[in-house]
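Colleague: Before we start, here is the structure in question, set down as structure tokens.
The values are calculated or read from the model by the stated rules, or taken from the named source; none is laboratory data. Note that the structure is predicted; figures quoted are calculated from it, not measured. Virtual Cβ from ideal backbone geometry, glycine too; neighbours counted across all protein chains shown. Accessible surface is based on the protein model in full, side chains and every heavy atom, while ligands, DNA and RNA are left aside. Shrake-Rupley method; radii C 1.70, N 1.55, O 1.52, S 1.80 Å.
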Amino acid sequence: MGCAGGWLLQAVCLLSTLLDYGAVRVTMRHSNLEVVQGDSVTLPCSFFTMSPLSRLNIIWTLAPFSNPDSPTQVIVFDHGQVIENPSLTGRVGFLGIPWSADIILNNTRISDAGTYRCMVSNPPETGDPGIGELALNVLAPPSLPLCLWDGVTDTGGSVALSCMVAEGVPTPEMRWDKLEPEEISLPINMDGDLSGSVQIVNISSQNSGLYRCSVTNLLGTQNCYVNLSIYSPPASSPGILQGVLLTLSMALVLLALLVLVLWLHRSGQKRKWTEGKEEECYNEIRYTPSLIKRSFV
Ligand SMILES: *[C@@H]1O[C@H](CO)[C@@H](O)[C@H](O)[C@H]1NC(C)=O
Ligand SMILES: *[C@@H]1O[C@H](CO)[C@@H](O)[C@H](O)[C@H]1NC(C)=O
Ligand SMILES: *[C@@H]1O[C@H](CO)[C@@H](O)[C@H](O)[C@H]1NC(C)=O
């Protein structure tokens, strides 16, 4: 059916179209809502219909942000009855049915976030149901992160400090700091949005101390800690000990040698002296007569 002509004719034409097709019109008073996890939120959905409400049908569905391709039913109003999704029983309810299709969601969870769709049909009005959509964001403070370390804590080794946070909307910012002796920020490698690590290479005792991972979003901050103790190289103390032992044993050997040399020297001298004395004796004995002779001569 074509609508042409003056404005009055067009208006009449539009009205008759509306009445003929009788489509329910749905308006969402918000297209985006935010709620803090645990709080309640009202999802608004208003509709306009020309027919009595005796056969009103309302279906709310949710396409979660985490899984947008598989929408689930949230709550249904049909033949005067309310049917809730069993997983939401006690948390979801209509406000002002049948005049309004608004619902309340209590004790919200992160998994409630997604695109909500309100579909209203009111037979005998014909045509497609009126549809409205809104996006619900559920904000949550960061959960307690998990701090881990891995690697070799001997001097010269390398250690990786890693931090993981399970939850937080908006996505928490992560940072690593060394707290002692003064607080310094460390360069962090993000492995996805919720996990970040710090590499410490060629470590020395200066890397010992307390390290903190902080995860922060607009709702809060959570911390976890790693207390790193760098061991003085176990290889170096035996080294020193060995050195000391070696020096000691070498000194002993030298001493022994010295004693030996001295003893040899002494005994050699003694023998020489004894031999010399014997010779002298022989000489004396040998030459004494001649000496005596000579002295007599
Ligand atoms: C939601 O919470 C409000 C206030 O605590 C309460 O009055 C209402 O009954 C609750 N609705 C559902 C569906 O649990
Ligand atoms: C490791 O650290 C020591 C002392 O700080 C330094 O002498 C050495 O060159 C470093 N080695 C490497 C591979 O960086
Ligand atoms: C870290 O560990 C060292 C040695 O184990 C200890 O003396 C120190 O008190 C610890 N620091 C903290 C903050 O736990």
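Colleague: Only residues that are free of Cβ contacts under 8 Å to residues at least 24 places away in the same chain and either part of a strand (DSSP E or B) or within 17 Å of V169 (Cα to Cα) (or both): list them for the stretch 204-227, please.
Modeller: N227
Colleague: Oh, and also: Here's a check for you: in the stretch 140-156, which residue that is among the hydrophobic types (A, V, I, L, M, F, W, C) and within 15 Å of the chain's Cα centre (by Cα) is surrounded by the most Cβ atoms within 10 Å (Cβ to Cβ)?
Modeller: Residue satisfying both the conditions and the ranking: C147.
Colleague: Can you find a residue in the stretch 160-169 that is hydroxyl-bearing (S, T, Y), more than 30 Å from H30 (Cα to Cα), away from ligand 2 (no atom under 16 Å from the Cβ) and open to solvent by 30 Å² or more (accessible area, probe 1.4 Å)? Show your work before the answer.
Modeller: Residues of the stretch 160-169 hydroxyl-bearing (S, T, Y): 162.
Subsequent filtering for residues that are more than 30 Å from H30 (Cα to Cα) retains 162.
Now restrict to residues that are away from ligand 2 (no atom under 16 Å from the Cβ): 162.
Restricting the remaining residues to those that are open to solvent by 30 Å² or more (accessible area, probe 1.4 Å) gives 162.
Yes.
Colleague: Which one of the conditions (1) more than 19 Å from L136 (Cα to Cα); (2) modelled with pLDDT of 95 or more; (3) open to solvent by less than 90 Å² (accessible area, probe 1.4 Å); (4) not hydrophobic (A, V, I, L, M, F, W, C) does T61 fail to meet, given that it meets all the rest?
Modeller: (1)
Colleague: Within the stretch 101-134, restricting attention to residues that are part of a loop (DSSP other than H, G, I, E, B) and modelled with pLDDT of 95 or more, which residue is most open to solvent (accessible area, probe 1.4 Å)? Even if it seems obvious, please write down each step before you answer.
Modeller: Initially, the stretch 101-134 is screened for residues part of a loop (DSSP other than H, G, I, E, B), giving 101-102, 106-109, 113, 122-129.
Then keep just the ones that are modelled with pLDDT of 95 or more; that gives 101-102, 106-109, 113.
Numbers: A101: 0, D102: 18, N106: 56, N107: 84, T108: 2, R109: 112, A113: 12 Å².
Looking at the filtered set, the residue picked out is R109.
Colleague: Continuing with this model, one more query. Restricting attention to the stretch 185-203, which residues are part of a strand (DSSP E or B), open to solvent by 30 Å² or more (accessible area, probe 1.4 Å) and either not small (G, A, S) or not assigned by TED's automatic domain parsing to the domain that holds A160 (or both)? Walk me through it before giving the result.
Modeller: Taking the stretch 185-203 as the starting set, the residues that turn out to be part of a strand (DSSP E or B) are 185-186, 189-190, 195-200.
Filter once more, keeping what is open to solvent by 30 Å² or more (accessible area, probe 1.4 Å): 185-186, 189-190, 199.
The answer is L186, N189, M190, Q199.
Colleague: From the set of residues in the stretch 64-100 that are of a type in the set (S, T, Y) and part of a loop (DSSP other than H, G, I, E, B), which is most open to solvent (accessible area, probe 1.4 Å)? Give the steps one after another, and end with the answer.
Modeller: In the first step, residues of the stretch 64-100 are kept if they are of a type in the set (S, T, Y); the result is 66, 70, 72, 87, 89, 100.
Subsequent filtering for residues that are part of a loop (DSSP other than H, G, I, E, B) retains 66, 70, 89, 100.
Values: S66: 108, S70: 51, T89: 88, S100: 25 Å².
Looking at residues that are of a type in the set (S, T, Y) and part of a loop (DSSP other than H, G, I, E, B), I get S66.
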